[in-house]
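Inspection log for the structure reproduced underneath, given as structure tokens.
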């Protein structure tokens, strides 16, 4: 998909599907009680690879599922917001170095 990143807004970049409620957490009882199946499966953002990698480098899957499960919530996280503001004006082919994902 190339419409643009739903977080940083850059155009002309390839995007990936980011599950706002990570699939690995769908089996957890507290996630099942909190979100309907359609909601768990349907909360998706199309974002560029650098934004996607940064999200997973900063936040763990349980934290994503329980706290940062909307676009607005992600943008309220200081490290995510700073990264998005920084990368917003970079060209489409720009690939920053991202630290290892948090598990």
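What follows is calculated from the coordinates using simple rules that are stated; it is not laboratory data. These numbers were taken from a predicted model, which means no experiment stands behind them. Using ideal geometry, Cβ is built from the backbone for each residue, glycine included, and neighbour counts are taken over all protein chains shown.
Here is the figure for segment 56-79: residues that are in contact (Cβ under 8 Å) with a residue 60 or more places away in the chain and surrounded by 17 or more Cβ atoms within 10 Å (Cβ to Cβ) total 1. The set of residues in segment 71-101 being in a loop (DSSP other than H, G, I, E, B) and out of contact with any helix residue (DSSP H, G or I) (no Cβ under 9 Å at 6 or more places or on another chain) consists of 88, 89, 91, 92, 93, 97.
Scanning segment 32-55 for residues that are assigned to a helix (DSSP H, G or I) and surrounded by fewer than 18 Cβ atoms within 10 Å (Cβ to Cβ) turns up 32, 33, 34, 37, 38, 39, 41, 42, 49. Restricting to segment 56-70, count the residues that are within 18 Å of residue 41 (Cα to Cα) and part of a helix (DSSP H, G or I). The number of residues fulfilling the criteria is 6.
Taking the criterion of being in contact (Cβ under 8 Å) with a residue 40 or more places away in the chain and outside any loop (DSSP other than H, G, I, E, B), the only residue of segment 10-30 that qualifies is 25.
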